[in-house]
Amino acid sequence: MSLAIFDLDNTLIGGDSDHAWGEFLCKKGIVDTDAYRRANDYFYEQYKSGGLDIHEYLNFALLPLAQNEIAQLSVWHEEFMQEMIEPIMLPKAEALLQKHRDQGDFLLIITATNRFVTQPIADRLGVDAILATEPEMKDGAYTGHVEGTPCFQHGKVERLHAWLAETGHTLDGSYFYSDSHNDLPLLELVNTPVAVNPDELLENRAKKSDWQILDLR
């Protein structure tokens, strides 16, 4: 059984679920719309440029989880799935997942976006497991802090190695699909790196290294 690893945002779905969650919060009036949208857009541009301070971002992004009860967050997330995620599902991405499923591969999403946002998306896509940035919980509520290593850039490699040690999986015959140059540390680690609708930096690296470039849009 080979590992087929997938980034989520702008790879398996046609948008960024983290940024979309922020837009949803603004749309619903759950946060101070103007201030939150400015910050959300600012951090997203930092991410795209490769200059994101992940801890600064998480202090911002996880705060709404701490400010609201789990039951209410769950209701909002169901609405978020229908309003923001379903419209950006990609049939070609779902076909790619099915191809690897038919090959007997183990399907793993690895994403910098926090598990609250991404676990239901992973469930919707029917993958076997997900590694995501973990929002800390105490006494049944989110604290607004991150637990452990954020699943971002080299953190994805660290989290993956820990998961491999726990599960007994290996990288023999492994694939990794991603759109972002932020994922180069993991793309360089697997047997078959694939650039999916890549940003400019990743596209240049993929061409230089003769990696496959895939269009799932």
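Just to verify a number: what accessible area does Ile130 come out at with the full protein assembly present, 1.4 Å probe, Å² rounded to tens?
20
Quick one: what are the phi-derived ³J(HN,Hα) couplings along segment 16-26, Karplus 6.51/-1.76/1.60 with θ = phi - 60°, whole Hz, x for glycine and proline?
So the Karplus estimates, Gly and Pro as x, are 9, 5, 5, 5, 5, 4, x, 5, 4, 4, 5 Hz.
Give the average over all directions of the projected area of the C-alpha convex hull of segment 9-60, one decimal, in nm². Show your work: numbers first, answer last.
Working: hull surface 15.0 nm².
For segment 9-60, the mean projected area of the Cα convex hull comes to 3.8 nm².
Between segment 163-179 and segment 1-67, what is the C-alpha centre distance in whole Å?
For segment 163-179 versus segment 1-67, the Cα centre distance is 25 Å.
Can you figure out the FRET efficiency of Met1 with Asp32, using R₀ = 45 Å and their beta-carbon distance, to the nearest 0.05? Can you show the working numbers first?
Details: r = 47 Å, r/R0 = 1.05.
FRET efficiency, Met1 to Asp32: 0.40.
Multiply the residue separation of Asn191 and Lys92 by 0.36 nm, subtract the distance between their alpha-carbon atoms, and state the gained length in nm to one decimal.
Value of the extension gain: 33.4 nm.
Could you give the length gained on full extension between Glu158 and Gln212, defined as 0.36 nm per residue of separation minus the Cα-Cα distance, in nm? Intermediate results must be reported in sequence, preceding the final value.
Values: separation 54, 0.36 × 54 = 19.44 nm, distance 2.46 nm.
Taking 0.36 nm per residue and subtracting the Cα distance, the gain is 17.0 nm.
Subtracting the Cα-Cα distance from 0.36 nm times the residue separation, let me have the gained length for Val75 to Lys99 in nm, one decimal. Intermediate results must be reported in sequence, preceding the final value.
Details: separation 24, 0.36 × 24 = 8.64 nm, distance 3.29 nm.
Full-extension gain reported as 5.4 nm.
What is the dipole size for segment 1-57, taken about its Cα centre, with +1 at each Lys and Arg Cβ and -1 at each Asp and Glu Cβ, in debye to the nearest 20?
Working: 5 positive and 11 negative charges, 38 e Å.
Dipole size: approximately 180 debye.
Which residues does the label zone of Asp128 cover in segment 79-101, counting backbone N under 13 Å from a point 7 Å along Cα→Cβ?
100-101
Using θ = phi - 60° and the Karplus curve 6.51 cos²θ - 1.76 cosθ + 1.60, what whole-Hz ³J(HN,Hα) does each residue of segment 200-215 get, with Gly and Pro shown as x?
4, 5, 5, 4, 4, 5, 4, 5, 5, 9, 6, 7, 5, 10, 10, 10
From the convex hull of the Cα coordinates of the chain, what is the mean projected area in square nanometres? All intermediate terms of the calculation are to be shown ahead of the outcome.
Values: hull surface 45.9 nm².
Taking the Cα atoms of the chain, their convex hull projects to 11.5 nm² on average.
On a 0 to 90° scale, report how tilted helix 154-167 is relative to the longest principal axis of the chain, with both axes built from alpha carbons and the result rounded to the nearest 10.
So the inclination is approximately 70 degrees.
For the Cα atoms of the chain, what angle does the longest principal axis make with the long axis of helix 115-125, in degrees from 0 to 90, nearest 10?
The angle comes out near 50 degrees.
Could you compute the FRET efficiency for Leu63 and Glu83, with r as their C-beta to C-beta distance and R0 at 22 Å, rounded to 0.05? Could you put the intermediate results ahead of the total?
On the way: r = 22 Å, r/R0 = 0.98.
Calculated transfer efficiency: 0.50.
The values are calculated or read from the model by the stated rules, or taken from the named source; none is laboratory data. Treat the numbers as computed from the prediction; the structure is a model and nothing was measured. Because the Cβ atoms are built from the backbone with ideal geometry, glycine has one as well, and the counts that use them run over all protein chains shown. We work out accessible area using only protein heavy atoms, side chains counted, and drop any ligands, DNA or RNA first. Shrake-Rupley method; radii C 1.70, N 1.55, O 1.52, S 1.80 Å.
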